[in-house]
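The values are calculated or read from the model by the stated rules, or taken from the named source; none is laboratory data. Just so it is clear, the model here is predicted, and its values are computed rather than measured. Cβ placement follows ideal geometry from the backbone for every residue including glycine, while neighbour counts extend to all protein chains displayed.
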Amino acid sequence: MIAMIDVEKIREDFPILKREVNGRPLVYLDNAATSQTPKQVIDCIVDYYQNLNANIHRGVHTLSQEATDAYEAARKTIQTHYNIAHAHEVILTSGTTHSINLVANGFSSFLKSGDEILVSAMEHHSNIVPWQMLAERTGAILKVIPMNENGELVMEAYHNLLGDKTKLVFCNHVSNALGTVNPIDEIVEAAHAHDAAVLIDGAQAAPHIKVDLQALDVDFYTMSAHKVCGPTGIGMLYGKQKWLNALPPYQGGGEMIAEVTFEKTTYADLPHKFEAGTPNICGGIAFGAALDYMNAIGFEAIAAYEAELLAYATEKLLEIKGMKIYGTAAEKTSVISFNIQGIHPYDIGTILDKLGVAVRTGHHCAQPIMDYYKIPGTVRASFSFYNTMAEVDVLVESVKRAQSMLQ
Amino acid sequence: MTITEIQEEIVDEFSMFDDWMQRYEYMIELGKSLPLIEEAYKTDDNIIKGCQSKVWVHAELDENKLVFTADSDAIITKGIIAILIRAFSNQKPQDIIDADTDFIDEIGLKEHLSATRANGLVSMVKQLKLYAIAYQTQLN
């Protein structure tokens, strides 16, 4: 199948892909950590500081109004992208970690000792630690949905864990360490049958899968702009209106208030209630530009092309002697976590770097997964729509070279 | 040999190589000659923090000299710690405390290693010196 992606033309949009690392052309395969930035987004950031820079929402002057319009237009872009019912259900945060902490903090008011909250076994630390802290504060019990050898959640166990005491379920849409796409429709539906709320961490799904949040009917969904060709330091918390109204504010400050006296403060309406202080205005606007950029290419075309990259890379890597791939779920994104028998992942990563190939090594902030497989970590190559088949070949050749040096 | 003499010897050896691959291959070879720590000392207390791979170091006083043994689960890291131990082991604690570590830059280790590993290297040097300080206190 010929995917509808003109990768050479797309690569022209990314200035960084032209640079060299250690005297070799950069092969950037650390896209799950952060995506690269196209010139359309870079131009947007430059334009903001050259033509638009002003504080938003309260100024009567033209610049402030134009900056406010651009910021709110970005919120609408995000709303449209995720098919969210109301723009005020889009809370702009500093990123996924901030989004999760905001919800975890707010749920302190709703939980009591003995309530149960469920977490999947394949979470990033950012979707574990805030809930552990919540459990410590409230006396709620944290239970783990197990995974199998392929890196898939054991759904039967999930259904058995759900009960009258379950108040909240949190799970990633896609695992950062394994690439597994989790069955979030089923997770949400089953949790709702027990009146439990669900938060889905969509950080790793964002660059690969366009989600209809109304159809999904999830209570909270989080992601970060830097995973979708946007800047760091900006991201989204989607929350259903009823939940966002019920949750207490996370941070106090300017912007999030209606009226302040020393006796009592009333809070602003959504989304401002959760957006205290001057936000990352430029980041928000560039976030919108990044989604526009990706939508212009099209998520279906991106998914089809990345599936080809994944299939080719998997096939080629498996030809290497001693190769073990972790995460072989039936449905996965273009992420390959692997080790070569007898070689530490860090050694491979170091040699790959010398050869200009950027991958990630270590536990990928998902230590429970590494404990499950009883390994210190993996090498993770993660592919984006701007990677090429030729780059996959460079990866494979470089891994072979590392292997011959290290064994 | 003094620490300075050993360091000069190491710098000489590394100056023979033209490219990074040869340096790394040599480092890996040196890793294989590392005086290995006894399994009993491979405890969490002996792990050096700040390295992405695990590094264990043990120090023992042999008369008035400090002898290091170590191990790592990553082979390149093992090479780095082997180089450090070759420079510092079997020396008087005070000499280890006083030794400078410029040779690490001179053999292109710090320059050629990633930031995370460079930090690991700094942590390794710090740990060896901390052992020396502890044993020097004992000797006093």
Given (1) over 17 Å from the mean Cα position of the chain (by Cα); (2) surrounded by 11 or more Cβ atoms within 10 Å (Cβ to Cβ); (3) within 23 Å of residue B:138 (Cα to Cα), index of the condition residue B:58 fails = (1)
Among the numbered conditions (1) within 18 Å of residue A:16 (Cα to Cα); (2) in contact (Cβ under 8 Å) with a residue 24 or more places away in the chain, tell me where residue A:401 comes up short.
-> (1)
Here are A:329, A:366, A:402, A:381: which of them is within 12 Å of chain B (Cβ to nearest Cβ) and either of a type outside the set (Ser, Thr, Tyr) or over 19 Å from residue B:20 (Cβ atoms) (or both)?
-> A:402
Is segment A:25-37 home to any residue that is assigned to a loop (DSSP other than H, G, I, E, B), at pLDDT below 95 and of a type in the set (Val, Ile, Thr)?
-> no
Report whether or not residue A:285 is at pLDDT below 95, in a helix (DSSP H, G or I) and within 28 Å of residue A:385 (Cα to Cα).
-> no
For residue A:353, work out the one condition from (1) within 12 Å of chain B (Cβ to nearest Cβ); (2) in a helix (DSSP H, G or I); (3) buried (at least 22 other Cβ atoms within 10 Å of the Cβ); (4) not small (Gly, Ala, Ser) it doesn't fulfil.
-> (3)
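To keep it simple, each residue is scored yes or no on (1) touching a Gly at 6+ places or on another chain (Cβ under 6 Å); (2) over 30 Å from residue A:74 (Cα atoms); (3) at pLDDT 95 or above; (4) more than 14 Å from chain B (Cβ to nearest Cβ).
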residue: A:320; (1), (2), (3), (4): no, yes, yes, yes
residue: A:347; (1), (2), (3), (4): no, yes, no, no
residue: A:362; (1), (2), (3), (4): yes, yes, no, no
residue: A:407; (1), (2), (3), (4): no, yes, no, no
Determine if segment B:57-75 includes at least one residue that is within 11 Å of chain A (Cβ to nearest Cβ) and either farther than 29 Å from residue A:402 by Cα or among the acidic types (Asp, Glu) (or both).
-> yes
Of all residues in segment B:23-41, how many are surrounded by 16 or more Cβ atoms within 10 Å (Cβ to Cβ) and more than 23 Å from residue A:22 (Cα to Cα)?
-> 5
Out of segment A:139-177, which residues are β-branched (Val, Ile, Thr), in a strand (DSSP E or B) and farther than 24 Å from residue A:110 by Cβ?
-> A:174
If you go through segment A:340-350, how many residues are touching a helix residue (DSSP H, G or I) at 6+ places or on another chain (Cβ under 6 Å) and within 30 Å of residue A:183 (Cα to Cα)?
-> 1
Got a number for residues in segment A:133-154 being polar (S, T, N, Q) and exposed (fewer than 15 other Cβ atoms within 10 Å of the Cβ)?
-> 2
For segment B:3-22, does any single residue satisfy the condition of being within 14 Å of chain A (Cβ to nearest Cβ) and crowded, with 21+ Cβ neighbours inside 10 Å?
-> no
Can residue B:65 be described as over 24 Å from residue B:106 (Cβ atoms) and surrounded by 14 or more Cβ atoms within 10 Å (Cβ to Cβ)?
-> yes
Sort through A:273, A:321, A:264, A:332 and tell me the only one that's farther than 19 Å from residue A:223 by Cβ and in the same structural domain as residue A:370 (by TED's automatic domain parsing).
-> A:321
Specify the residue that is nearest to residue A:170 (Cα to Cα); the eligible residues are those in segment A:238-276 that are part of a loop (DSSP other than H, G, I, E, B) and of a type in the set (Phe, Trp, Tyr).
-> A:250
Taking segment A:332-345 and keeping only residues that are polar (S, T, N, Q) and within 14 Å of chain B (Cβ to nearest Cβ), one is left with A:339, A:341
Answer yes or no: is there a residue in segment A:377-398 that is within 21 Å of residue A:318 (Cβ to Cβ), at pLDDT below 95 and surrounded by fewer than 21 Cβ atoms within 10 Å (Cβ to Cβ).
-> no
Quick check: anything in segment A:47-62 within 30 Å of residue A:363 (Cβ to Cβ) and assigned to a loop (DSSP other than H, G, I, E, B)?
-> no
If only one of B:32, B:92 is more than 14 Å from chain A (Cβ to nearest Cβ) and among the basic types (Lys, Arg), which one is it?
-> B:92
